[in-house]
Amino acid sequence: MNTLSLVVVVVQVLAALAIIGLVLLQHGKGADMGAAFGSGASGSLFGATGSSNFLSKSTAVAAAIFFAATLGLAFIGNHHVSQSGGVMDNLQAPAVPAQQAAPAAPAEAGKLGDQSNQIPK
């Protein structure tokens, strides 16, 4: 693994951990539902969605960094320089002796008295 891919993997892991932490720090829309039924003051049943706070903007930035690191790893993984060929590149055909190269025709086998292709009774 070269240095560039190692750096990209570290950035990707840090971005993933940041996303996990930021999502767990935010409170969901369901937390405001109890307030809508008389236990507090709320603007709507599921909370306001118009403005975003610092945590949601930070989550979006961390997600963008994570996606960029993922694309970078895919690019690095796809464009590596192959120093050796594949396994099949070094494969050589086995040498066949001249006597076994051409099998005898069935008609010639019958002339020589060979009964190996006959079914015994």
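What follows is calculated from the coordinates using simple rules that are stated; it is not laboratory data. The shown structure was predicted, so the numbers you read here are calculated from the model rather than taken from an experiment. Ideal geometry is used to build each Cβ from the backbone, glycine not excepted, and the neighbour counts take in all protein chains shown.
With label points built 7 Å along Cα→Cβ from the Cα atoms of V61 and V96, find their separation and express it in nm.
6.9 nm
What is the gain in length, in nm to one decimal, between V7 and L73 on full extension, counting 0.36 nm per residue of separation less the C-alpha to C-alpha distance?
Gain on extension, V7 to L73, equals 22.8 nm.
Report the paramagnetic label zone for N53: residues of the range 5-22 whose backbone N is under 14 Å from a point 7 Å from Cα along the Cα-to-Cβ axis.
22
What's the extension gain from M88 to L17 if we count 0.36 nm per residue and subtract their Cα-Cα distance?
Result: 21.4 nm gained on full extension.
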